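Here is the structure we will look at, set down as structure tokens.
The values are calculated or read from the model by the stated rules, or taken from the named source; none is laboratory data. Nothing here was measured: the structure is a model prediction, and the numbers come from that model. Heads up, the Cβs are rebuilt from the backbone with ideal geometry, glycines too, and the neighbour counts pull from every protein chain shown. These area figures cover heavy atoms from the full protein model, side chains too; ligands, DNA and RNA do not enter into them. Shrake-Rupley method; radii C 1.70, N 1.55, O 1.52, S 1.80 Å.
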Amino acid sequence: MSEKNIWIIILAAGYSRRMGEPKLLLPLPDGKPLITRVAGTACRAKASGVVLVYNADVPAVADAVAEFPLVPLANDESRAGMSSSLKAGIHYVKERNAEAAIILLGDQPDMEEAALDQLIELYEKQRYPIIQTVYRTTRSHPVLFSRSFFPELLTVTGDQGARQLIRQHQDQVFSLHVTAQLPEDIDTREEYQSYLQRIQRTDEEG
């Protein structure tokens, strides 16, 4: 458990338009929905708490994570884009006096627990205002924002999430380089099938 009050916010309220069906509910080889892979990783990390923001039009996502010690938070404004989920999550953790929030995407099942713990440990030691994970040369999630940025995060709009804010404050962004492979987003049927094949190969090699 983190020494600081650091929360993880899982953004899981999209409409899966490219997939054509709720992608977070697609089955993994063990029969469980895809979102359970991300939820489990987040809940095993050293954060103080986890909140999962889901699309109010897809309540089955909340049902899928009922086994995990996290807070499911319905987003009634999902059509406004990713920013609406981000703001819902930030509102929630701000009310609980969080010192920092880690933003995680619900459609990146390859996310590793170690990457989350590295963010938490680095913030505990250095208190950087923004920490972004870098995989070799690619910047991606998870991203940590200190409480000082919560007011600005609550003003973001559209489907860009916090990208614009990161661009505007590059001088305050610390890059955390990790050895893990870049976790891919699963947006299409082809990406989903490729992910299942990777899992099968890993299981066979293991």
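Observations, loosely collected:
- The set of residues in region 30-43 being over 13 Å from the mean Cα position of the chain (by Cα) and either modelled with pLDDT of 95 or more or crowded, with 18+ Cβ neighbours inside 10 Å (or both) consists of Pro33, Leu34.
- Checklist (1) open to solvent by 30 Å² or more (accessible area, probe 1.4 Å); (2) under 15 Å from the mean Cα position of the chain (by Cα); (3) at pLDDT below 95 applied to Arg18, failing item: (2)
- Region 84-106 - residue that is under 13 Å from the mean Cα position of the chain (by Cα) and surrounded by fewer than 24 Cβ atoms within 10 Å (Cβ to Cβ) and, of those, nearest to Ser146 (Cα to Cα): Ile103
- Within region 62-83, the residues that satisfy the criterion of being over 18 Å from Arg37 (Cβ atoms) and in contact (Cβ under 8 Å) with a residue 12 or more places away in the chain are Val71, Leu73, Ala74, Asn75, Asp76, Ser78, Arg79, Ala80, Gly81, Met82, Ser83.
- A Cβ distance below 8 Å, combined with a sequence gap of six or more or placement on separate chains, defines the contacts here; from region 4-32, residues that are closer than 16 Å to Asp110 by Cβ reach residues that are of a type in the set (Phe, Trp, Tyr) and outside any strand (DSSP E or B) in the pairs Lys23/Tyr192; Leu26/Tyr192.
- Any hit, region 117-126, residues being in a helix (DSSP H, G or I), open to solvent by 60 Å² or more (accessible area, probe 1.4 Å) and in contact with a Leu (Cβ under 8 Å, 6 or more places away or on another chain): yes
- Of all residues in region 65-83 being open to solvent by 20 Å² or more (accessible area, probe 1.4 Å) and in a helix (DSSP H, G or I), the one that is farthest from Ala100 (Cα to Cα): Arg79
- Residue match in region 44-52 (condition: in contact with an Asp or Glu (Cβ under 6 Å, 6 or more places away or on another chain), at pLDDT 95 or above and assigned to a helix (DSSP H, G or I)): yes
- In region 122-135, the residues that are under 15 Å from Asn5 (Cα atoms) form Cβ pairs under 9 Å with partners that are assigned to a loop (DSSP other than H, G, I, E, B) and open to solvent by 50 Å² or more (accessible area, probe 1.4 Å), at six or more places apart or across chains, as follows: Leu122/Tyr128; Tyr123/Lys4; Tyr123/Glu99; Glu124/Glu3; Glu124/Lys4; Arg127/Lys4; Arg127/Glu99.
- Residue within region 43-61 that is free of Cβ contacts under 8 Å to residues at least 40 places away in the same chain, in contact with a Leu (Cβ under 7 Å, 6 or more places away or on another chain) and not charged (D, E, K, R) present: yes
- Residue that is most open to solvent (accessible area, probe 1.4 Å) [pool: residues in region 160-206 that are among the β-branched types (Val, Ile, Thr) and under 19 Å from Arg17 (Cβ atoms)]: Thr188
- Test for Thr157: is it in contact with a Gly (Cβ under 9 Å, 6 or more places away or on another chain), at pLDDT 85 or above and open to solvent by 40 Å² or more (accessible area, probe 1.4 Å): yes
- Residue in region 1-41 that is farthest from Asp76 (Cα to Cα), counting only those that are part of a helix (DSSP H, G or I) and polar (S, T, N, Q): Thr41
- Residues (modelled with pLDDT of 95 or more, touching a Ser or Thr at 6+ places or on another chain (Cβ under 9 Å) and either part of a helix (DSSP H, G or I) or more than 29 Å from Gln197 (Cα to Cα) (or both)) located in region 97-116: Ala98, Glu99, Ala100, Ala101, Leu116
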